[in-house]
Amino acid sequence: MSKYIETAVRCLRDEAQALLDLIPHLDAEFDKTVEIVLNCKGKLIVTGVGKSGHIGAKIAATLSSTGTPSFFINPLDAFHGDLGVITDQDVVLAISNSGQTDELLRFLPFFIERNIPVIGMSGNPDSLLARYATTHLNAAVVREACPLGLAPTSSTTAALALGDALACALIEARNFKASDFAQFHPGGTLGKRLLTKARDVMRTEDLPVVSPSMPLGEAVIYVSRGRLGLCVAEENERVVGIITDGDVRRAMETSQNNFFDLKVRDIMSVAPKTVSPETKITEIDGMLQRYKIHSVLVVDEEKHLLGIVDNFSTMM
């Protein structure tokens, strides 16, 4: 192992241990913090200076995307007019590793006077921030992972993880669901998967439709041309069955010389898996995996075939 890798391993171990060391610090203050945020009628304002500010911006983004309206404000900007965005209905999360950051401490009288709850997050439970905050989250670390013991490494990782822990607790408290998450991420891959429905991805043209009375040898051509590995059997414009390329292979093995005497109805499955056009593709994906199939038929209430969704259509 090279000396560079040794340094990297030591860094990762130190930061991992720093996270584990946070667990004993979780106490009634954490519960109180969650309740304060849950009861907040306005926004959660996150603030911090320097590296703590970068961590605060990420925490605010995570909270906003998981049901807690939140945004980050730079203390320096606040002193030049941005304090006006903070209302009496809001809650403030102030982050400082030392808990003694002057720019943050100058905030406190403003919040105390207006009875705005302040959640302090620092690595010093005896700091001024911890003393005057409504609640305090202890993010103390034994040492920084930096070889010099100077650069914020373990401390910023701890603060970030503690912010994630708060977000996770709020997700459960709000009974926040994946569908809710998708509403805040409509442009992302996850949002697309959670919001996209069968009608958005189903194939509607050149569907391989056959009659139950069609000779199986002829139906094989439709299976091949359709490039979906199946044919849909319809009678009176209603779905009555399905045959797959697997069904065809098994019929060839068992029937052998009698294969070309068979009709579609002789081997078709009469209860194919169907969905409505409004079925979400996440649900369809679950069906494909649960039943170990490659496609589902999209039908209306009268069992008219509207389209086909295969496993490639659900990949986004």
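Observations on the model:
- Test set (1) assigned to a loop (DSSP other than H, G, I, E, B); (2) in contact (Cβ under 8 Å) with a residue 40 or more places away in the chain; (3) farther than 17 Å from Leu162 by Cβ; (4) open to solvent by 40 Å² or more (accessible area, probe 1.4 Å) - Leu150 fails condition number: (2)
- First in the range 260-289 and under 21 Å from Lys303 (Cβ atoms), second anywhere and charged (D, E, K, R) and assigned to a helix (DSSP H, G or I), Cβ under 6 Å, 6 or more apart: Ile267/Asp247; Pro277/Arg199
- Test: residue in the range 70-77 that is more than 16 Å from Ile171 (Cβ to Cβ), over 23 Å from the mean Cα position of the chain (by Cα), surrounded by fewer than 16 Cβ atoms within 10 Å (Cβ to Cβ) and in contact (Cβ under 8 Å) with a residue 12 or more places away in the chain: yes
- Of all residues in the range 170-190, those that are at pLDDT 80 or above and open to solvent by less than 30 Å² (accessible area, probe 1.4 Å) total 1.
The values are calculated or read from the model by the stated rules, or taken from the named source; none is laboratory data. Remember, predicted model here, so these are calculated numbers, not experimental data. Because the Cβ atoms are built from the backbone with ideal geometry, glycine has one as well, and the counts that use them run over all protein chains shown. With ligands, DNA and RNA removed, areas are computed over all heavy atoms of the protein, side chains included. Shrake-Rupley method; radii C 1.70, N 1.55, O 1.52, S 1.80 Å.
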